[in-house]
Amino acid sequence: MNTNLTWHDSVVSKQERSDKKGQKPCVIWFTGLSGSGKSTIANTLERALFERGHHCYLLDGDNVRQGLNGDLGFADEDRVENIRRIGEAAKLFVDAGLIVMTAFISPFRTERQLARDVVEDDEFIEVHMSTSLEVCEERDPKGLYKKARAGEIPFFTGIDSAYEAPVNPELVIDTGVNDIQACTEQLINYLVEKQYI
Ligand code: ADP
């Protein structure tokens, strides 16, 4: 990193932004297999928070890969850089006072730890979408498992690339057991209980 750079604190503090918005900014980091429901639940949660008057933003895997991370592929070093940039972007959103949701498979513990480390301890909520591989593959909403089983997508998480489940996530949600509304309520209840909203 360039040693001539200095971090400039904003004249409006994170606390002031947070107070004005009536919420505690944080990153809600969804992790889980493809098809486990990350995007679906993150979108429903975003809508629910918005309806309650909260200020939030969703960073979705496919969207980010088309823009900010459009130059990155799926090799290991690119996957790490993908998550690093998302973590840094999420941190800026938190600084802006927002509740930011991220929906990425993020299969490796070390990369999720990196994302956790860039914000304060109580600003990171790791949500493990624990939906089983069987259910995800049965859903196969984008037809990716079918392609992966046919050998058309190498290093597909859950098939021939590992998914390292979180050891101590703040929340575990199984969309194979609970419907969309119940999963969203589980999240809202957590945010209320921990006084984020
Ligand atoms: P991911 O973002 O983890 O890849 P998606 O949200 O894109 O997963 O896909 C999940 C699929 O499962 C969607 O087609 C969704 O409609 C379906 N689904 C069925 N039941 C649920 C549930 N309870 N919660 C979330 N998604 C569900």
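A residue that is part of a helix (DSSP H, G or I) and touching a Lys or Arg at 6+ places or on another chain (Cβ under 8 Å) occurs somewhere in segment 8-18. Criterion applied to Ser39, Ser106, Ser132 was being surrounded by fewer than 18 Cβ atoms within 10 Å (Cβ to Cβ), in contact (Cβ under 8 Å) with a residue 40 or more places away in the chain and either of a type in the set (Phe, Trp, Tyr) or within 16 Å of the ligand (Cβ to nearest atom) (or both), and the one residue passing it is Ser132.
Taking Val167, is it within 16 Å of the ligand (Cβ to nearest atom), of a type in the set (A, V, I, L, M, F, W, C) and either open to solvent by 50 Å² or more (accessible area, probe 1.4 Å) or not in a helix (DSSP H, G or I) (or both)? Against the criterion (within 16 Å of the ligand (Cβ to nearest atom), of a type in the set (A, V, I, L, M, F, W, C) and either open to solvent by 50 Å² or more (accessible area, probe 1.4 Å) or not in a helix (DSSP H, G or I) (or both)), Val167 does not qualify.
Can you pull out the residues in segment 135-150 that are more than 10 Å from the ligand (Cβ to nearest atom), open to solvent by 60 Å² or more (accessible area, probe 1.4 Å) and either of a type outside the set (A, V, I, L, M) or within 16 Å of Ser39 (Cβ to Cβ) (or both)? Selection gives Lys146, Lys147, Arg149.
Checked across segment 53-68, the condition of being touching a residue at least 24 places away in the same chain (Cβ under 8 Å), open to solvent by 30 Å² or more (accessible area, probe 1.4 Å) and at negative phi holds for at least one residue. Residues in segment 112-131 that are touching a helix residue (DSSP H, G or I) at 6+ places or on another chain (Cβ under 9 Å) and hydroxyl-bearing (Ser, Thr, Tyr): Thr131 alone. Each residue in segment 48-94 was checked for being under 13 Å from Phe104 (Cα atoms), part of a helix (DSSP H, G or I) and hydrophobic (A, V, I, L, M, F, W, C), and 5 of them qualify.
Mind listing just one residue for me: the one in segment 58-86 that is within 26 Å of Trp7 (Cα to Cα) and touching an Asp or Glu at 6+ places or on another chain (Cβ under 8 Å) and, of those, modelled with the lowest pLDDT? Going through the qualifying residues, I end up with Val80.
The values are calculated or read from the model by the stated rules, or taken from the named source; none is laboratory data. Fair warning: this is a prediction, and the values are worked out from it, not measured in the lab. Virtual Cβ from ideal backbone geometry, glycine too; neighbours counted across all protein chains shown. Protein only, heavy atoms only, side chains kept; ligands, DNA and RNA dropped before computing areas. Shrake-Rupley method; radii C 1.70, N 1.55, O 1.52, S 1.80 Å.
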